[in-house]
Amino acid sequence: MPIHRVTLAKMARVFSGIQPSGDLHLGNLLGALMNWVNHQEEHEAVYCIVDLHALTLPQDPEELRTNTLELAQLLMAVGLNPERCTLFAQSHVPEHSQLAWLMECTVSYGELSRMTAFKDKSDRSDFISAGLFTYPALQAADILLYDTDLVPVGDDQRQHLEITRDIAERFNSRFGETFVVPQHVIPAAGARVMDLQHPERKMSKSQDSVNGTINVLEPPDSIRKKIKRAVTDSDGEVRFDFAKKAGVSNLLSILGAATGTDPNKVAESFDRYGDLKTATADAAIELLLPIQQRFAELQADPSETRRLLKVGAEKAQEVASQTLNRAKQNCGLLEA
Ligand code: TRP
């Protein structure tokens, strides 16, 4: 007998995942993570550190372990509260890899071949794992396990969300209502944070632009130095216009996001680039210092972080195990 999904009147459930790939930068914080923090209040939020996805590219084992623990501490330092959201590591909930297999058998080779993220990553790597190719099937499992309504991720994840929806619909039409078909929401409130040296491209750790990137754990004097050296332009006018004035607009965007103000409004308070830079550096430091202090406290007690992750994994598993059972039964696997 197929098991039908029961729909309960409930808060919308939000799910998002983040790879444990070393440090976070200001772009991650202002673009995505501030929204994650806000979603805890309005929604039922589930956040996953996707360590299994990290394995799709070569990893140093010790580094991966440290990065996973530190990312959990950073996320909590930024404001994710394990009492208000479900925060856990993907590998702690084995349902993810189990459902991923069912997803792999529901998606086609052709569909996976069209993923641009796969093409980009495989072009840059000399060992192309099968896991890199089936990455979207695991991502679909992440999302579908929690009957997720909303997935707040950037535009770069659009294709992965589309394929997740296609997989859910295909599985449902083959085997009966099993999964919620999730919606992609591009976070509206997220700031666009660009590289300080190359303001035409996103701040990103993979670009290897040390002076263009501000790390969440960066010391204040270094933040100040990098913002002082940020690329602007020569017309001297403080105006928010990314198309014509990318460097200045980036500073306005950072200052606006850090202080919760519209960047157009921020622009009205400045006549000189120097003053804008000073204010942007002050705001970035003021935003990051308390995060750095909380991170240091959490880092001092790794066993407490591990305990919190374990509690998170148990909470996640309560939902995930039911969804996995439903999917296994509906597609014809014999109950043990
Ligand atoms: N692919 C996402 C990224 O690179 C990470 C991710 C894995 C994810 N599973 C997810 C994001 C589920 C949202 C939902 O950023």
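The GluC sites (Glu not before Pro) of the stretch 34-83 that meet both conditions, a loop assignment by DSSP and at most 13 other Cβ atoms within 10 Å of the site Cβ, are Glu83. The 3J(HN,Hα) values that the Karplus relation (6.51, -1.76, 1.60; θ = phi - 60°) gives for the stretch 168-179 are, in residue order, 4, 5, 5, 4, 4, 6, 6, 10, x, 3, 10, 10 Hz. Gly and Pro appear as x. Averaging the Cα positions of each part gives two centres, and for the stretch 166-217 and the stretch 64-103 these lie 17 Å apart. Near the amide H of His25, within less than 5 Å, lie the amide hydrogens of Val216, all on another chain or at least 5 residues away, with H placed in the peptide plane. Counting only residues at least eight positions apart within a chain, or on another chain, the lysines with an alpha carbon under 27 Å from that of Lys265 are Lys202, Lys225, Lys226, Lys228, Lys244, Lys245, Lys277.
Considering all different alpha carbon pairs of the stretch 259-336, the Kirkwood hydrodynamic radius works out to 17.7 Å. Restricting to DSSP loop positions (anything but H, G, I, E, B) with no more than 10 other Cβ atoms inside 10 Å of their own Cβ, which trypsin sites (Lys or Arg not before Pro) remain in the stretch 254-336? In loop regions of the stretch 254-336 (DSSP not H, G, I, E or B), the sparsely surrounded trypsin sites (Lys or Arg not before Pro) are Arg272. Applying both filters, DSSP loop and at most 16 other Cβ atoms within 10 Å, to the GluC sites (Glu not before Pro) of the stretch 232-336 gives Glu237, Glu335.
With the full set of protein chains in place, find how many percent of the accessible area of the chain is carbon and sulfur; take the probe as 1.4 Å. Roughly 52 percent of what the probe reaches on the chain is carbon or sulfur. Relative to the dominant Cα principal axis of the chain, helix 273-299 is inclined by about 40°. Once you treat every alpha carbon in the chain as an equal point and sum by Debye, what is log10 I(q)/I(0) at q = 0.11 Å⁻¹? Reported log10 I(q)/I(0), two decimals: -0.76.
Here's the list of lysines a cross-link from Lys315 could span, going by alpha-carbon distance under 18 Å and ignoring same-chain residues fewer than 8 apart: Lys10. Positive contributions from Lys and Arg (+1) and negative ones from Asp and Glu (-1), summed over other residues with Cβ under 14 Å from the Cβ of Phe133, come out at -1.
Using just the helices of the chain, give the 222 nm mean residue ellipticity in deg cm²/dmol: DSSP H runs with n ≥ 4 each add -39,500 (n - 2.57), and the total is spread over all residues, rounded to 500.
-16500 deg cm²/dmol
Under a 5 Å amide H cut-off, with hydrogens placed 1.01 Å from N, Met194 pairs with Met203 among residues at least 5 apart or on other chains. Among Ser113, Ser234, Ser249, the residue with the largest mean-square fluctuation in a Gaussian network model of the chain, with springs joining Cα atoms closer than 10 Å, is Ser234.
The values are calculated or read from the model by the stated rules, or taken from the named source; none is laboratory data. All values reported here derive from a predicted model rather than from experimental measurement. Here Cβ is always computed from backbone atoms with ideal geometry, including for glycine, and neighbour counts include all displayed protein chains. Accessible surface is based on the protein model in full, side chains and every heavy atom, while ligands, DNA and RNA are left aside. Shrake-Rupley method; radii C 1.70, N 1.55, O 1.52, S 1.80 Å.
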